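K.L.:
If you scroll down you'll find the structure; I have some questions about it.
Values quoted throughout were computed directly from the atomic coordinates according to the rules given, and no laboratory measurement underlies them. Values in this document were obtained by computation on a predicted structure and should not be read as measured data. Using ideal geometry, Cβ is built from the backbone for each residue, glycine included, and neighbour counts are taken over all protein chains shown.
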Amino acid sequence: MHESTDRHCDDHSPLEVKLYDEDDLIMISSLQHYLFCTRQCALIYLEQQWLENRFTAEGRVLHERVHTSGRESRRKLRIEYDVPIRSLQLGVAGRADIVEFHRQDNGLWQPFPVEYKRGRPKKDDTDRVQLCAQALCLEEMLECAVPEGALYYGEKKRRTSVIFDASLREKTAQTAAAVHALLTEAKTPPPHYDKRCESCSLLALCLPTVATRKQVGRYLRKMVEL
């Protein structure tokens, strides 16, 4: 990050809220995993299980390429790569792929987070929530508003703008709280098969179709016993 943060954007006084301890912070990426599948989130962050497939490998390579890009500086634009961020209000921590700082007419620098994804834009909010969490981290760390960011999709090779409106901010906060609750409860949800399972790298560990067959078998045995 830059040496001084007091000139990145306009100062504001944050509301007093309950803060998480540093030891209780969860990964920002867990929000995206939770929205995709709560069982996947628990397998990764609770049971520490992970398998890689083609999709995750391509995403990892894309992020590694971005994170080794260094730093860029121009007259009205500064770009920081692989930026460590955290929010004690949300209880999350992680690293932003890119944070651009755009120089405003008043001389202040406006943060603009950019997250890289390997595929194409999704219909759901999984990626937008992850990016919004990064924006909320930057707001807390730099004490300024971050109204907008972007998702860069490798398959389309273009950015998709994301506005951090009240609805997205609320969903992000609710998701962070839900992940904290899931990990505190320390109970992995049971498997449930749907079409998303086929693209999940943890399919061989989760075995949702096997669990489904067992459930059907139990149901049929109960029916016979009646």
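K.L.:
Just to check I understand the Karplus step: with θ = phi - 60° and J = 6.51 cos²θ - 1.76 cosθ + 1.60, what whole-Hz values come out for the stretch 158-172, glycine and proline as x?
P.N.:
3J(HN,Hα) across the stretch 158-172, in whole Hz: 7, 8, 10, 5, 10, 9, 8, 7, 4, 5, 5, 5, 5, 5, 5.
K.L.:
Also: Inverting the mean 1/r over all pairs of different Cα atoms, compute the Kirkwood radius of the stretch 22-188 and quote it in Å.
P.N.:
Over the stretch 22-188, the inverse of the mean reciprocal pair distance is 16.5 Å.
K.L.:
Still on this structure, please answer the following. About its Cα centre, what dipole magnitude does the stretch 22-188 give when the only charges are +1 on Lys and Arg Cβ and -1 on Asp and Glu Cβ, stated in debye to the nearest 20?
P.N.:
Numbers: 25 positive and 25 negative charges, 187 e Å.
Rounded to the nearest 20 debye, it is 900 debye.
K.L.:
Let me ask you something else. List the GluC sites (Glu not before Pro) in the stretch 80-155 that DSSP assigns to loop (not H, G, I, E or B) and whose Cβ has at most 14 other Cβ atoms within 10 Å. Which are they?
P.N.:
When the GluC sites (Glu not before Pro) of the stretch 80-155 are filtered for loop state and at most 14 Cβ neighbours within 10 Å, Glu155 remain.
K.L.:
Something else now. Mind jotting down the distance between the C-alpha centroids of the stretch 144-180 and the stretch 85-99, whole Å?
P.N.:
Centre-to-centre (Cα) distance: 12 Å.
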